[in-house]
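Q: Dropping the structure in here first, questions after.
The values are calculated or read from the model by the stated rules, or taken from the named source; none is laboratory data. Only a predicted model underlies this, so the values are computations on that prediction, with no experimental measurement involved. Counting neighbours? That spans all protein chains shown, and the Cβs are built from the backbone with ideal geometry, glycine included. Areas reflect the complete protein model, heavy atoms only, side chains present, ligands, DNA and RNA absent. Shrake-Rupley method; radii C 1.70, N 1.55, O 1.52, S 1.80 Å.
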Amino acid sequence: MLDTLKRFGITTGGAAAAAAKAATLFMMGVKCDRVVVPTPVGLRIEVPIDSIEEKGKEFCATVKKFAGDNPDVLDGIEIVACVSSSEVFTLEGGEGVGVVTRPGLRVKEGDKAINPMSRKMIAEAVSEAYPDMKLKVRIEVPRGREIASDTMNKVVGIEGGISILGTTGVEYPVSDEDYIEHIKCELDALRSSFTSVALALGNTAFSFAKSKGENVVKIGDRVGDSLELACEKGFSHISLYGMPAKLMKVAAGIMNTHNKFGDARIETMVFLAFLAGVDNETILKIANSYSVEEGFHYMGDMKFKVAKLLAERVIFRIKNIKNIRNNIQEKKLSLKVVVVGYEGEELAEMGI
């Protein structure tokens, strides 16, 4: 059934890394129409280069971001990398790359929104072409400022352009409606050998669950559907691994975490912070946060208590799924929820 196969894409970080490597090779006299770049997940991906040009003392390459079959407003957007000689390696964001304006994100306030993993990808790609790394690299997105209004950037505190991000370099079609068929296949394969399964809401949660020796399936937004499928297929232990933002939606009873199905993240976070005993001044900051990540930044060490309450609330919601509730009552199923922090650490674990 080849017509059901889904195409994977590349993240903005992957596109920027490819452009940077192509620009570096061009500076060395090698003009490429495609390059191969490493990714944080161990894959090497071949990326087409859209154009190459020399601009004064700079050498520039353009890559068109490809989203595969994942719905993405950034599909086809041009990402440009320009390189020039320097005493040391530097990486900066230029026009069309947003600026972080709020605390709590993985990039500090005032800096260009190029996340740490994307910086690592770009540096590794450049080093393959030019090992001594004495280069200045600038990433630009010509239509970034324009298209940023169609993204969630302003909502989380990034102004003036898009983000260069991605934890894997590869864009998975996890929000596509047909992705549930992929989840079914993975669950079937695991059930043939195992009675326990971990469902991960994203890349960071997936990596963390893997590090714990779990049999993991990445489920993206399809939380309720995936839990029901795992229950129907006879797994006797189901774990749910996720970062706070998506789990806040589940705690609010939203079982498909895609933004078109609703959002109660900040409200749920405020409620849990109140129950955890967070002081009123901090709760006010949390209530005015642009993102869950920002809210957790304000919590300090109280984030562990809030995360514990979050895990408890998620379990409460999951138990409302009829088949899961019946199997728990009949002692055929045990559940676990693990809240994974923004640095890839465990914030809380609760089980029944």
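Q: Which numbered condition in (1) open to solvent by less than 10 Å² (accessible area, probe 1.4 Å); (2) under 19 Å from residue 203 (Cβ atoms); (3) not aromatic (Phe, Trp, Tyr) is the only one that residue 171 fails?
A: (1) is the only condition that residue 171 fails.
Q: Does any residue of the range 259-274 turn out to be assigned to a helix (DSSP H, G or I), of a type in the set (Gly, Ala, Ser), over 26 Å from residue 72 (Cβ atoms) and open to solvent by less than 50 Å² (accessible area, probe 1.4 Å)? Spell out the reasoning first.
A: Initial filter on the range 259-274 (assigned to a helix (DSSP H, G or I)): 259-261, 265-274.
Those left that are additionally of a type in the set (Gly, Ala, Ser): 273.
Still in the list and also over 26 Å from residue 72 (Cβ atoms): 273.
Cutting the leftovers down to open to solvent by less than 50 Å² (accessible area, probe 1.4 Å) gives us 273.
Among the residues of the range 259-274, at least one is assigned to a helix (DSSP H, G or I), of a type in the set (Gly, Ala, Ser), over 26 Å from residue 72 (Cβ atoms) and open to solvent by less than 50 Å² (accessible area, probe 1.4 Å), which makes the answer yes.
Q: What tally of residues in the range 202-211 results from selecting those that are at pLDDT 95 or above and either farther than 20 Å from residue 166 by Cα or in a loop (DSSP other than H, G, I, E, B) (or both)?
A: 0
Q: Right, next: Going by what's in this entry, would residue 181 be described as under 15 Å from residue 219 (Cβ atoms) and open to solvent by 20 Å² or more (accessible area, probe 1.4 Å)?
A: Values: under 15 Å from residue 219 (Cβ atoms): yes; open to solvent by 20 Å² or more (accessible area, probe 1.4 Å): yes.
Yes: the conditions hold for residue 181.
Q: Which ranges mark the strands (runs of 3 or more DSSP E) fully within the range 60-154 that have 2 or more residues being open to solvent by less than 10 Å² (accessible area, probe 1.4 Å)? Explain how you work it out, then say what you get.
A: Working: elements: 78-85, 90-93, 135-140.
Ranges flagged: 78-85, 135-140.
Q: Same structure again: Can you say whether residue 139 is in contact with a helix residue (DSSP H, G or I) (Cβ under 6 Å, 6 or more places away or on another chain) and closer than 22 Å to residue 205 by Cβ, as far as the supplied structure shows? Explain how you work it out, then say what you get.
A: Numbers: in contact with a helix residue (DSSP H, G or I) (Cβ under 6 Å, 6 or more places away or on another chain): yes; closer than 22 Å to residue 205 by Cβ: no.
The answer is no for residue 139.
Q: Further, regarding this structure: Note down all Cβ pairs under 6 Å where the first residue falls in the range 223-235 and is basic (Lys, Arg), the second is in a helix (DSSP H, G or I), and they're at least six residues apart or on different chains.
A: Cβ pairs passing all conditions: 233/187; 233/191.
Q: State whether the residues of the range 240-250 include one that is over 19 Å from the mean Cα position of the chain (by Cα) and open to solvent by 20 Å² or more (accessible area, probe 1.4 Å).
A: From the range 240-250, those over 19 Å from the mean Cα position of the chain (by Cα) are none; that's our starting set.
Within the range 240-250, not a single residue is over 19 Å from the mean Cα position of the chain (by Cα) and open to solvent by 20 Å² or more (accessible area, probe 1.4 Å).
Q: When only residues in the range 244-274 that are at pLDDT 95 or above and of a type in the set (Lys, Arg) count, which is nearest to residue 348 (Cα to Cα)?
A: Going through the qualifying residues, I end up with 246.
Q: What pairs come up if the first residue lies in the range 57-69 and is closer than 17 Å to residue 140 by Cα, the second is hydroxyl-bearing (Ser, Thr, Tyr) and open to solvent by 40 Å² or more (accessible area, probe 1.4 Å), and their beta carbons are under 6 Å apart, counting only those six or more places apart or on different chains?
A: Listed pairs, sorted by first residue: 62/51.
Q: Taking the range 294-314 as the search range and keeping residues that are open to solvent by less than 10 Å² (accessible area, probe 1.4 Å) and touching a Leu at 6+ places or on another chain (Cβ under 6 Å), which one is farthest from residue 348 (Cα to Cα)?
A: Among those residues, the one meeting the criterion is 314.
Q: Here's something else I'd like to know. Within the range 198-208, is there a residue that is open to solvent by less than 10 Å² (accessible area, probe 1.4 Å), more than 22 Å from residue 8 (Cβ to Cβ), over 17 Å from the mean Cα position of the chain (by Cα) and among the aliphatic types (A, V, I, L, M)?
A: no
Q: Look at the range 39-59 and say how many of its residues are polar (S, T, N, Q) and open to solvent by less than 30 Å² (accessible area, probe 1.4 Å).
A: Taking the range 39-59 and keeping what is polar (S, T, N, Q), we get 39, 51.
This time we only want the ones that are open to solvent by less than 30 Å² (accessible area, probe 1.4 Å), so: 39.
Residues meeting the conditions: 1.
Q: Can I ask one more? Do you know which of the residues in the range 275-315 that are of a type in the set (Asp, Glu) and closer than 21 Å to residue 223 by Cβ is modelled with the highest pLDDT? Talk me through it step by step, then tell me what you get.
A: Start the filter on the range 275-315 by keeping residues that are of a type in the set (Asp, Glu), which leaves 279, 281, 293-294, 301, 312.
Now restrict to residues that are closer than 21 Å to residue 223 by Cβ: 293, 312.
Numbers: 293: 94, 312: 97.
Per the stated criteria, the residue is 312.
Q: Right, here's the next one. Hey, among 306, 339, 314, which residue is among the β-branched types (Val, Ile, Thr) and either at positive phi or outside any helix (DSSP H, G or I) (or both)? Full working, then the answer.
A: Details: 306 fails: either at positive phi or outside any helix (DSSP H, G or I) (or both); 314 fails: either at positive phi or outside any helix (DSSP H, G or I) (or both).
When all the criteria are applied, what remains is 339.
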